[in-house]
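Laboratory data are not the source of any read-out in this text; all were calculated from the coordinates shown. Not measured: the values here are computed from a predicted model. We place every Cβ from the backbone using ideal geometry, glycine too, and count neighbours over all the protein chains shown.
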C-alpha cells in the first residue's frame, strides 16, 4: 500500500443544528457514531460541483486538514 496526500482545496463550514443537510454525503460509519454532531464539518470541493458536499467527522477533520 502507498501513502498519498490530498492536493485539493476544500471549502469548510462547521456543522450546526438546523444546517441544511440535503445532498450532504454522510458515511455509514459516521452515522453509526452519531453524526452529524457538534465539531463535525461540511466540506465542498471549490473546483468541482458545488452540490458535492460531504460531512467530515471532527476527529478526521482535525487530523487531516489545516487552514490554507
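Average 1/r across all pairs of distinct alpha carbons in the chain, invert it, and you get the Kirkwood radius: 12.8 Å. A simple spin-label model places the labels of residue 9 and residue 68 0.4 nm from each other, with each point 7 Å out along Cα-to-Cβ.
Each helix, a run of at least 4 DSSP H residues, gives -39500 (n - 2.57); summed and divided by the residues of the chain, these come to -4000 deg cm²/dmol at 222 nm. Each of residue 58 and residue 26 was given a label point 7 Å from its Cα along the Cα-to-Cβ line. The distance between the two points is 1.5 nm.
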